Amino acid sequence: MVKFQIQPDSEIPASNQLFNQIRFAIASRQFPPNHRLPSTRALAMQTGLHRNTVNKVYRQLEELGLVESQAGSGIYVRDLGREGGTRPHSPLLQKHPHAYDTIKDSLDQLLEQGCSLQDARELFLAEIDWRLRCSARVLVTAPSQDIGVGQLMGQEVQKTLAIPVQVVPLEELESALDQTASSTVVTSRYFVAAAEEIASPKSVRVIPVDVYDYAKETELVLSLPENTRLGLVSLSSGILRAAEVILHSLRGDDLLPMFAQTEDAYKLNAVVRGADLIICDRASYDEVKTALAANRSEMIRIPEIIGCENYISSESMKSLKRELGLA
């Protein structure tokens, strides 16, 4: 069971602390699609917050399209990965509108059982042809204000799956889709609702990927001595903002955090010179090592550097590989 921690004396509003923690739990699939969120009463008792505050957070999550309220039942995580933009144009599918769901579910089951696309081709030729055509062009998208997380996802997908990937700001996704006959859009669950809204009218599928849960890194942070100078470095400004809130929720003010985007050389050098421990994403690791080498002569104590293996969870990457017909 996911536990949420709130620092009541923090300058960060309690609702913001809870909102970021629940949003991360959804993005990292600790709260998977169709998962029932705790009742407002239960969450208020766990966190010490007023039920009105919990209700406010749930409304924010619902406005973002991440959860939905079911009358008399509760609040559930939306299963965004199967909504809209996933249907190829085919006279047969128009004649048999329910056949598509049957074909897709059956194909997913075969893939999970180890069946290759070639094995299934005879039975599901139309579906396989469509997937292979779409997979010829993979677009990774994220908002332009946090294009760093898009670059992070794009690098991981390209390196792990050995396929060409184009990173497109969410604001330019519609224009990019107008220039191609078929493609697949990949994005984090943080942004999937917005991507679906753009891609669905164009019959382009959107595949949401789950975020790595950072369980090892969280355990490490919880074990650090008080007043440890902790540096966090990432390509993504959004990751750093979320990490700041979650870090504060876990440890309050008893750590001394320092944050830097890879592209900000001034802040990166400050982190390298001042931190006892640096945690960074894989795409930032070489930049951190380079900055460390450049500043080594001025340093008395060399910080330990821990590079996170990935941003996309390994299970989600395996699922993406199957979806793209690469398994």
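Structural remarks
- Residues in region 108-157 that are of a type in the set (S, T, N, Q) and modelled with pLDDT under 80 were compared, and the one that is surrounded by the fewest Cβ atoms within 10 Å (Cβ to Cβ) is 118.
- Residue match in region 208-225 (condition: outside any helix (DSSP H, G or I), over 30 Å from residue 2 (Cα atoms), touching a residue at least 12 places away in the same chain (Cβ under 8 Å) and aliphatic (A, V, I, L, M)): no
- The listed residue being closer than 24 Å to residue 317 by Cβ and either part of a helix (DSSP H, G or I) or open to solvent by less than 30 Å² (accessible area, probe 1.4 Å) (or both), out of 4, 19, 31: 31
- Residues located in region 158-176, provided they are hydrophobic (A, V, I, L, M, F, W, C), assigned to a helix (DSSP H, G or I) and modelled with pLDDT under 95: 161, 176
- Against the list (1) more than 24 Å from residue 314 (Cα to Cα); (2) crowded, with 16+ Cβ neighbours inside 10 Å; (3) modelled with pLDDT under 95, the condition residue 179 fails is (2).
- Scan of region 295-312 for residues that are assigned to a helix (DSSP H, G or I) and surrounded by 12 or more Cβ atoms within 10 Å (Cβ to Cβ), ordered by number: 295
- Of the criteria (1) within 19 Å of residue 213 (Cβ to Cβ); (2) surrounded by fewer than 20 Cβ atoms within 10 Å (Cβ to Cβ), which one residue 254 fails: (1)
- Residue within region 80-100 that is touching a strand residue (DSSP E or B) at 6+ places or on another chain (Cβ under 6 Å), open to solvent by less than 50 Å² (accessible area, probe 1.4 Å), of a type outside the set (D, E, K, R) and modelled with pLDDT of 85 or more present: no
- Flag: residue 233 matches the condition of being surrounded by 20 or more Cβ atoms within 10 Å (Cβ to Cβ) and within 20 Å of residue 152 (Cα to Cα).
- Pair list, Cβ under 9 Å, 6 or more apart: region 153-170 residue among the aliphatic types (A, V, I, L, M), other residue part of a strand (DSSP E or B) and open to solvent by 20 Å² or more (accessible area, probe 1.4 Å): 153/165; 153/167; 157/165
- When residues of region 257-294 are limited to those that are out of contact with any helix residue (DSSP H, G or I) (no Cβ under 7 Å at 6 or more places or on another chain), under 16 Å from residue 228 (Cα atoms) and assigned to a helix (DSSP H, G or I), the one most open to solvent (accessible area, probe 1.4 Å): 270
Rundown of residues vs (1) closer than 30 Å to residue 104 by Cα; (2) surrounded by fewer than 20 Cβ atoms within 10 Å (Cβ to Cβ), yes/no style:
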residue	(1), (2)
212	yes, no
220	no, yes
237	no, yes
314	yes, yes
324	yes, no
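The values are calculated or read from the model by the stated rules, or taken from the named source; none is laboratory data. These numbers come from a predicted model, not from an experiment. Every residue, glycine as well, gets a Cβ built from its backbone with ideal geometry; the counts of neighbours run over all protein chains shown. Just so you know, the surface numbers come from the protein's heavy atoms only, side chains and all, with ligands and any DNA or RNA stripped out. Shrake-Rupley method; radii C 1.70, N 1.55, O 1.52, S 1.80 Å.
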